[in-house]
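The values are calculated or read from the model by the stated rules, or taken from the named source; none is laboratory data. All of these numbers come straight from a predicted model, not from anything done at the bench. All Cβ positions, even for glycine, are placed from backbone atoms using ideal geometry, and neighbour counts span all protein chains on display.
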Amino acid sequence: MSIDIRPLTERDLPEADRIFRLAFGTFMGLPDPMTFAAGADLTATRWRAPACNATVGAFDGDVLVGSNYVTRWGSFGFFGPLTVRPDYWSKGIGQLLLAPTMEIFARWGVKQSALYTFPHSPKHLALYQKFDFWPQRLTALMTKRVADAPAAAPAFEGSRADLLAQARDVSGAMFPGLDVSGEVDALLDQKLGEVVTVRDGASLGAFAVCHVGPGSEAGPKTVYVKFAAARDGASFAKLLAACEALAARRGMGVVLAGVNTVCSSAYQTMLAQGYRTQYTGVAMQRGNGAGYLAAEAFVLGDWR
Ligand SMILES: CC(C)(COP(=O)(O)OP(=O)(O)OC[C@H]1O[C@@H](n2cnc3c(N)ncnc32)[C@H](O)[C@@H]1OP(=O)(O)O)[C@@H](O)C(=O)NCCC(=O)NCCS
């Protein structure tokens with residue numbers, strides 16, 4: 001078996017997406033594996049945003065057998081979804097995809113890199129440990145049903161450039177150089193959702209990059225908070241309510257957001273506001289670094 005590693009092209013995207021669903025659906029034991037993440041797009045949406053994403057494909061001849069997506073948020077990077085076609089599992093292809101992934105992080109010069117995975121899987125933990133990623137605290141994927149319509153936060157007043165600059169201030173205060181501008185551009189350019197903002201006096205107090213509904217990373221009837229950051233607990237609580245208002249306004253029944261449990265104040269605020277954990281993952285960070293996760297960091301995002 002000779003495996004060629006190269007970036008994905010547009011014509012690889014349907015098969016990459018098929019393998020993504022088949023691999024996760026098979027690993028999770030779904031009766032029909034292809035129903036995994038039905039209606040959500042976690043792969044092509046990233047390929048279409050090359051300013052903050054890179055792709056790595058594994059090919060057996062001309063046949064795609066696995067892929068990985070690598071995301072850059074300024075000085076911070078993460079990878080996934082990493083998937084290999086089930087009939088090629090445990091033949092070293094995951095590792096063949098991860099070696100160039102590490103080269104991408106090096107080329108980007110990220111200060112910290114990370115991933116989200118299954119805490120119960122010895123294989124997953126061992127695979128990532130080979131590349132110096134170490135298991136840390138649990139990441140809770142939490143949801144809240146949106147029954148009534150909470151008061152909406154006023155829309156951001158200003159240009160996209162203003163929004164990006166102010167958002168960069170909020171995220172950069174958590175970790176030098178943490179910058180999700182590419183993620184915001186991808187969201188707005190591809191019309192995948194909306195950025196929810198909360199003011200704090202004259203400046204931005206909090207923002208959330210929210211995917212909305214089918215075709216985005218959220219999937220049907222869902223607002224998915226891919227990343228959010230707040231300057232303090234008060235702004236964070238308002239931000240959650242504003243995300244719920246977005247869900248109500250857009251006719252979505254559920255807000256889904258991932259929080260790492262090391263961010264205990266954010267996690268406890270979510271519990272207090274009625275969020276319940278639907279799925280538990282674990283954060284792994286390179287060199288066992290802390291990155292931007294801290295007890296008082298009001299930050300959301302699961303790195304899936
Ligand atoms: C996870 C996944 C990408 C791994 O790809 P893969 O090609 O099967 O992985 P590899 O063969 O390169 O590496 C697996 C390694 O784990 C090791 N491993 C497996 N079980 C282990 C255990 N219990 N303890 C220690 N090491 C273990 C294997 O021995 C192998 O290392 P080796 O080559 O040195 O022997 C693939 O199985 C997959 O697509 N799974 C479903 C989707 C998924 O879970 N994606 C990742 C989400 S974070």
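Residues of the range 240-261 being outside any strand (DSSP E or B) and in contact with a Gly (Cβ under 8 Å, 6 or more places away or on another chain), which ones? Answer for the range 240-261, where residues must be outside any strand (DSSP E or B) and in contact with a Gly (Cβ under 8 Å, 6 or more places away or on another chain): 247, 250, 252. All conditions but one from (1) in contact with a strand residue (DSSP E or B) (Cβ under 7 Å, 6 or more places away or on another chain); (2) at pLDDT 95 or above; (3) surrounded by 14 or more Cβ atoms within 10 Å (Cβ to Cβ) apply to residue 145; the one that does not is (3).
Taken over the range 88-127, the criterion of being closer than 17 Å to residue 54 by Cβ and among the hydrophobic types (A, V, I, L, M, F, W, C) is satisfied by 96, 97, 98, 99, 102, 104, 105, 106, 108, 110, 114, 115. Among the residues of the range 121-151, the ones that are away from the ligand (no atom under 11 Å from the Cβ) and in contact with a Phe, Trp or Tyr (Cβ under 7 Å, 6 or more places away or on another chain) come to 6 in all. Is it true that residue 194 is under 23 Å from residue 72 (Cβ atoms), assigned by TED's automatic domain parsing to the domain that holds residue 167 and over 14 Å from the mean Cα position of the chain (by Cα)? Considered against the rule, which asks whether it is under 23 Å from residue 72 (Cβ atoms), assigned by TED's automatic domain parsing to the domain that holds residue 167 and over 14 Å from the mean Cα position of the chain (by Cα), residue 194 comes out as yes. When 253, 274, 289, 281 are screened for being within 14 Å of the chain's Cα centre (by Cα) and in the same structural domain as residue 183 (by TED's automatic domain parsing), only 281 passes.
Conditions tested, residue by residue: (1) without any contact (Cβ under 8 Å) to a residue 24 or more places away in the chain; (2) more than 16 Å from the ligand (Cβ to nearest atom); (3) hydroxyl-bearing (Ser, Thr, Tyr); (4) in a strand (DSSP E or B).
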residue	(1), (2), (3), (4)
64	no, no, no, yes
71	no, no, yes, yes
77	no, no, no, yes
95	no, no, no, no
103	yes, yes, no, no
116	no, no, yes, yes
119	no, no, no, no
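Residue selection: residue 72 fails the criterion of being closer than 16 Å to residue 124 by Cα and not small (Gly, Ala, Ser). The residue list 30, 22, 42, 13 contains one member that is closer than 17 Å to residue 88 by Cβ, of a type in the set (A, V, I, L, M) and surrounded by 12 or more Cβ atoms within 10 Å (Cβ to Cβ), which is 22. Of the residues screened, residue 226 is one that is buried (at least 20 other Cβ atoms within 10 Å of the Cβ), within 17 Å of residue 40 (Cα to Cα), basic (Lys, Arg) and under 18 Å from the mean Cα position of the chain (by Cα).
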